[in-house]
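In what follows, a single structure is set out as structure tokens and then discussed.
Rule-based calculations on the coordinates, nothing more; no lab input. All figures in this text were calculated on a predicted structure; none of them were measured in a lab. Reconstructed Cβ throughout: ideal geometry from the backbone, glycine too, with neighbour counts over all protein chains shown.
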């Protein structure tokens, strides 16, 4: 796991939490401004999780960091941020977009009268999920959950590549 931040204070807090969880040997932490970096540090990540006030600004970098079919996850406190992020994800060829609202509701558990608490937080945040798609095969895995028509199946794409004399092209 790799984690990046520009703020030393947040990195110190994260480092303590990572140590407390006992996963330090699995985490590489680096001070890096992903928004302004010329070269992304990884290009084969299974997942990129973004927790920024403007996550749409790093969608192109996240795409470069992900391997095919990799997952993008972002936390957005407001719907306006979610809208901007959704547009950026679509513009950068992400598919299988899903957005959820995270709500916390406490429960008062008492014998014979368990119910939700009337005190509590009504809304905490929104979470966005998306997948990077790079090949027709990747797209085929995702399509069943989407209403997209006229997408060629993998076999017909492979046949057309071979018919055009491009059989040496990696599929």
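Residues 73, 40, 48, ranked from the fewest to the most other C-beta atoms within 10 Å, line up as 73, 40, 48. The slack between residue 26 and residue 97, meaning 0.36 nm per residue of separation minus the straight C-alpha distance, is 22.7 nm. Full extension of the chain segment joining residue 129 with residue 39 gains 30.0 nm, where the gain is 0.36 nm per residue of separation less the Cα-Cα distance.
The ranking of 2, 126 by Cβ neighbour count inside 10 Å, starting from the fewest, reads 2, 126. As a proxy for reagent exposure, ranking 132, 35, 25 by other Cβ atoms within 10 Å from fewest up yields 25, 35, 132.
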